[in-house]
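Just below is one structure, and these are the notes that go with it.
Read the figures in this text as sums done on the coordinates, not as results from a lab. Worth saying up front: this structure is predicted, and the values here are computed from it rather than measured.
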């Protein structure tokens, strides 16, 4: 059955009564009567501490719980300046529909919604920020992650179906041009950072056009591991290091876009999972490179 909206009539009426909001926090739930109050409490506390001057709404989007999840959520008392919505959304059970109900409520309340980003236009700065945070945490928790040998699957709950999201427009040609421009500018620097194997693959990719453009996953894994170790080696100018590596990220995104162009969301997710498995399988490579550059950092004269 198709639904024009994920919001039920009584939820829409409640949204109209609230009229507007600066912040809308969504809590998807299903049969969570023992934990929902604590989640609402933590969200409420965070809003009170950091956003007390803003009009905020907590939206509990329930997937049709058969326990007392909604009753517990309704009974939880909020501060006077915060509003609460508790609703069963319409549509297939799962986070996809819960998020649809959130975005519909947000648009009616005047909350700013960020559109999906074209990687070539917006995600370069995010790439640098994420890697900076990730590599810094690798240094901080080195003794922990080094001894982890494998990942384990986690239990999943709820709706197991899939809903196709709206497509994201990607300027594939623009991504490839950003990579090739970076290649012409930064190749000498890359030669001092990456192994001969990686450099050979980069040169091969730089000669490709849109129709056959591809950067191997194995190469991307090795490049990121070498980049992490170099970040660890450097004590200054770390963000500049990430700046000159960003064109390689564009190359990898362009390669992924081409490879997943005709795939469903689930097929693309399997592609991501395969990449994650390659990172895990080649962890010994990371530790080897990391330890080599750690030794250079400890003995800079050798």
> Rounded, prolate or oblate: which fits segment 119-298, taking a ≥ b ≥ c as square roots of the Cα gyration tensor eigenvalues, rounded meaning a/c under 1.5, else prolate when a/b beats b/c?
Replying inline: oblate
> Which value at 222 nm does the chain reach when only helices count, each DSSP H run of 4 or more adding -39,500 (n - 2.57), with the total divided by all residues and rounded to the nearest 500 deg cm²/dmol?
Replying inline: -19000 deg cm²/dmol
> For segment 9-109, which semi-axes, largest first and in whole Å, follow from the square roots of 5 times the eigenvalues of its Cα gyration tensor?
Replying inline: 20, 17, 11
> Quick one: if you take sqrt(5λ) for each eigenvalue of the C-alpha gyration tensor of the chain, what semi-axes come out, biggest first, whole angstrom?
Replying inline: 43, 24, 19
> Roughly how tilted is helix 9-18, in degrees to the nearest 10 and between 0 and 90, from the longest Cα axis of the chain?
Replying inline: 80 degrees
> What is the helix-to-structure angle for 172-191, meaning the angle in degrees between its Cα long axis and the longest Cα principal axis of the chain, kept from 0 to 90 and rounded to the nearest 10?
Replying inline: 40 degrees
> To the nearest 10 degrees, how steeply does helix 217-233 sit against the main Cα axis of the chain, on a 0 to 90 scale?
Replying inline: 80 degrees
> Using 0.36 nm per residue, how much length does the chain from residue 19 to residue 52 gain when fully extended, once their Cα-Cα distance is taken away?
Replying inline: 10.0 nm
